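Worksheet for the structure shown next.
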Amino acid sequence: MTASGQSLPDPLPDAASLRLSVAPMMDWTDTHCRVFHRLLAPHARLYTEMVHANAVIHGDRARLLALDPVEHPVALQLGGSEPELLAQAAAIGAAHGFDEVNLNCGCPSDRVQAGRFGACLMREPALVADSVAAMIAALADAPGPVPVTVKCRLGVDDDHDYGRFRAFVDTIADAGCRTFVVHARNAWLQGLSPKENREVPPLRYDWAWRLKRERPDLAVIVNGGIADADEATAHLERTDGAMLGRAAYHDPYLLHRLDVAWFGGVLQSRGELLRALRPYVEAQLARGMALKHITRHVLGLFNGQPGGRRFRQVLSEGAHRPGAGWNVVERALAATESGRRAAA
Ligand SMILES: Cc1cc2nc3c(=O)[nH]c(=O)nc-3n(C[C@H](O)[C@H](O)[C@H](O)COP(=O)(O)O)c2cc1C
């Protein structure tokens, strides 16, 4: 707040790092996954899985907020709807070193609905505005700028009114939030599983594009169903960035190709990129981490390539054995190579 009582605008994340981001995904984007994605895409913005504010405050922070220094820039995604708790959790996240705190207004699961957070918040713009304002205030004293951002849908159930979506964004923006990740479809709160809610409600990228046209002062990131490099690149002409979820996870080399295409650098082979993970893997193994918890995130690296299935097979079988070490990864790479030679 200024002396006149006006809110200072929340900082915008660095523009370049908004262009490419990897979506928050529960059970997927843990710290091991993010370290791997960072090697592939040095310029991408990474997101944690959603963590509830209560868990941040009362839970096992060493596990929930685990963060490796290579991950930056990385955002902590929070779930919750109580402004004071969210503010407290945001401050804890910033103290742990996160570069951004993102509020989840898009998750449709039953658990989330029972707790009145996630996508239900699309119907409660005033509460989201209060939450965002409390988080921004809590981060004002952070050592560096830590923006508060929102990830939302277009609406819930049968809201098909752009004006309502725009009013939601405007209300939150008035509270100081300047960056919106728009998963460009509705969430249907009745009758669809979370998985179906990522596939069935139709995508309407035009709403996100229109938002950016009408509010050029805001950073708008498009998310939802972006499947390949051409699609991702097309969004850059109309918005500040593209956030990829499933495509990045299932075909992580796509992240590398996008990073090189958009930011420059030399395209590395899949094998080179994977071998660059070795020091991290060995350090984790030395601390007692099982190989499988790390390698599960790399199984898609050879997706669509000759030998890709063999890579998956050798790696997933070998990594589950007790005491599995880096040699399992080398075996998987060798099996992939021979699969490739056979296909040539
Ligand atoms: C396994 C999985 C877990 C997800 N968990 C979260 C989450 O914790 N927070 C969130 O905002 N969205 C979550 N999402 C939604 C994604 O962030 C993203 O909005 C959605 O998958 C659409 O993008 P995509 O089509 O590029 O995958 C999850 C998606 C998947 C597939």
Please work out which residue is surrounded by the most Cβ atoms within 10 Å (Cβ to Cβ), limiting yourself to the range 310-327 and to residues that are of a type in the set (A, V, I, L, M) and touching a residue at least 24 places away in the same chain (Cβ under 8 Å). Ala319
Over 23 Å from Ala140 (Cβ atoms), more than 12 Å from the chain's Cα centre (by Cα) and aliphatic (A, V, I, L, M): does that describe Val70? yes
The condition of being surrounded by fewer than 22 Cβ atoms within 10 Å (Cβ to Cβ) and either part of a helix (DSSP H, G or I) or not assigned by TED's automatic domain parsing to the domain that holds Ile294 (or both) holds, among Val70, Val56, only for Val70
Scanning the range 232-252 for residues that are more than 10 Å from the ligand (Cβ to nearest atom) and either closer than 18 Å to Glu272 by Cα or in a helix (DSSP H, G or I) (or both) gives Thr233, Ala234, His235, Leu236, Asp251, Pro252
Unique residue being within 16 Å of the chain's Cα centre (by Cα), within 16 Å of the ligand (Cβ to nearest atom) and not small (Gly, Ala, Ser) when the list is Leu86, Leu65: Leu65
Selection within the range 202-231 - among the acidic types (Asp, Glu), more than 17 Å from Ala248 (Cβ to Cβ) and assigned to a helix (DSSP H, G or I): Asp206, Glu214
Conditions (1) away from the ligand (no atom under 16 Å from the Cβ); (2) under 14 Å from the mean Cα position of the chain (by Cα); (3) part of a helix (DSSP H, G or I) -> His43 fails only (3)
For the range 290-309, name all the residues that are touching a residue at least 60 places away in the same chain (Cβ under 8 Å) and surrounded by fewer than 20 Cβ atoms within 10 Å (Cβ to Cβ). His293
Inspect all residues belonging to the range 103-115 and state whether any of them is within 12 Å of the chain's Cα centre (by Cα) and either in the same structural domain as His183 (by TED's automatic domain parsing) or surrounded by 21 or more Cβ atoms within 10 Å (Cβ to Cβ) (or both). yes
Name the single residue that is nearest to the ligand (Cβ to nearest atom) among those in the range 218-231 being surrounded by 20 or more Cβ atoms within 10 Å (Cβ to Cβ) and among the small types (Gly, Ala, Ser). Gly224
Looking at (1) of a type in the set (A, V, I, L, M, F, W, C); (2) surrounded by fewer than 20 Cβ atoms within 10 Å (Cβ to Cβ); (3) out of contact with any Phe, Trp or Tyr (no Cβ under 9 Å at 6 or more places or on another chain), which is the one condition that is false for Leu254? (2)
Looking at the structure I just gave you, is Leu255 outside the structural domain of Leu39 (by TED's automatic domain parsing) and assigned to a helix (DSSP H, G or I)? no
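The values are calculated or read from the model by the stated rules, or taken from the named source; none is laboratory data. As the structure is a computational prediction, the values presented were derived from the model and not from experiment. Glycine also receives a Cβ, built like all others from the backbone with ideal geometry; neighbour counts cover every protein chain displayed.
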